[in-house]
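Have a look at the structure below, then the notes.
The values are calculated or read from the model by the stated rules, or taken from the named source; none is laboratory data. The structure presented is a predicted model; accordingly, all values stated were derived computationally and were not measured. Please note: Cβ atoms are built from the backbone with ideal geometry, for glycine as well, and neighbour counts cover all protein chains shown.
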Amino acid sequence: MASTIRVRATSSGETTEVQALIQHPMESGFVKDAKGEIIPPHFIQQLTFEYGGKPVFVADWGGGISKDPYVKFAFKGGKKGDDLKVSWIDNKGASDTTTAKIQ
Amino acid sequence: MKLRTKVQLSLAAFGLVLLAFAAPSVFAADKVDPVADAKAFKKFFYEKFPKLKPEDFVNGPYSMNEDLYKQWQEKEQFPPYEFALEAGKEMFSKPFKNGKTYGDCFANKGIGVRQDYPTFDEKEGKVITLELALNRCREANGEPPFSYLRDEMASLTAYMAFTSRGKPFDIKIPNDPRALEAYEKGKEYFYTRRGQLNFSCATCHVQSPGERVRTEVLAPALGILNAMPIYRSEWSGMGTTSRRFTTCNSQIRGVPLTPQDDEYRNVEYYLSYVSNGLPISGPGARP
């Protein structure tokens, strides 16, 4: 299974711009299927971006976030060629991690 | 008596000659002429949007609205159809249980052939769309067919479109009256009003592209299929040409046909043919 995370980080010297796309159903738990039965909630609870061992962006998410969410942010610092670690964990305990080189 | 018959005969003959002269021009107006159709169709759009280049039309609503265009440029750096594309690539190369692959069902192993579909099958006498060809390929290899609307089918066609990006649509109408008939029926379907709203396909996509329907900017019919399949944010997922047709029908409060119904196949044939020469841009992303 390929990674569920796509990430691209580009440094402009002072700041680093990060874009990420995550594949996840993000079921809120309030939607019913065609048979009228509730689709159980299944969403990412925490998303973390780490640079140099320190978190630079932490998001506490819930069922209100759309399917296959997209995130874009910038942080101060970050050098070309350094690693940026991205990880998420969902309400069912599943998780995924990937590491991207800052460009 | 004799003279009268002679006069009548000659009059009749004169009449026949007249008919013979008049007939071709009468038929010419009624005759199905796809080449002239496509030319007129393109001319209409080029004149309606004089600032756009022909290849801009394949980008649908983005070429009609500056703000949307900016958002799209940013989105394309990180396109939402990426996951489907990757899944499609994986599925496409993975062999069936009998060891064959999708590539074996298509010319050039299925790479860069999107622009040739739909094609007209002279054996069957019907239009074969890419989606139909894919499911037939599965069935011929003992696999169950996929849903025509989304998921696997969208991923597969996304990958096939991606390998054909930039190639101009090259739909051929063979010299077969049935092919012309399919084309003509597709055209008729396209311009026929239906549903409670009494809209035809052309009402939105010929008469009003660039205008808004609620919050959406309507795409021009020219080049609309070049971008299929699409990731629609509204669907939060991928959709095929079949999905686009069926939802169009239900949105005008009509009853959609079954996907890959003869009529949908014909309309896809017509609509692709008139966009001949415009590049494939699929898979696309739409708001």
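Below, the figures for the structure above:
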{"read-out": "Evaluation of B:D262 against (1) touching a strand residue (DSSP E or B) at 6+ places or on another chain (Cβ under 8 Å); (2) modelled with pLDDT under 90; (3) among the acidic types (D, E) (one fails), failing number", "value": "(2)"}
{"read-out": "Among residues of region B:86-109, those that are assigned to a helix (DSSP H, G or I), surrounded by fewer than 20 Cβ atoms within 10 Å (Cβ to Cβ) and either within 14 Å of another protein chain (Cβ to nearest Cβ) or in contact with a strand residue (DSSP E or B) (Cβ under 7 Å, 6 or more places away or on another chain) (or both), counted", "value": "5"}
{"read-out": "Residue in region A:16-62 that is farthest from the other protein chains (Cβ to nearest Cβ), counting only those that are surrounded by fewer than 16 Cβ atoms within 10 Å (Cβ to Cβ) and hydrophobic (A, V, I, L, M, F, W, C)", "value": "A:V58"}
{"read-out": "Check on B:A158, surrounded by 20 or more Cβ atoms within 10 Å (Cβ to Cβ), more than 26 Å from B:E124 (Cα to Cα) and in contact with a Gly (Cβ under 9 Å, 6 or more places away or on another chain)", "value": "yes"}
{"read-out": "Number of the condition not met by B:K70 [criteria: (1) more than 25 Å from B:L278 (Cβ to Cβ); (2) away from every other protein chain (no Cβ under 14 Å); (3) more than 24 Å from the chain's Cα centre (by Cα); (4) loosely packed, with under 15 Cβ neighbours inside 10 Å]", "value": "(1)"}
{"read-out": "Test: residue in region B:119-134 that is within 26 Å of B:C105 (Cα to Cα) and in contact with a Leu (Cβ under 7 Å, 6 or more places away or on another chain)", "value": "yes"}
{"read-out": "Qualifying residue in region B:110-126 (condition: buried (at least 20 other Cβ atoms within 10 Å of the Cβ), in a helix (DSSP H, G or I) and of a type in the set (K, R))", "value": "yes"}
{"read-out": "Residue that is farthest from A:Q23 (Cα to Cα), among those in region A:63-73 that are crowded, with 16+ Cβ neighbours inside 10 Å and touching a strand residue (DSSP E or B) at 6+ places or on another chain (Cβ under 6 Å)", "value": "A:V71"}
{"read-out": "Check on B:V217, farther than 26 Å from B:V113 by Cβ, in contact with a helix residue (DSSP H, G or I) (Cβ under 6 Å, 6 or more places away or on another chain) and buried (at least 16 other Cβ atoms within 10 Å of the Cβ)", "value": "yes"}
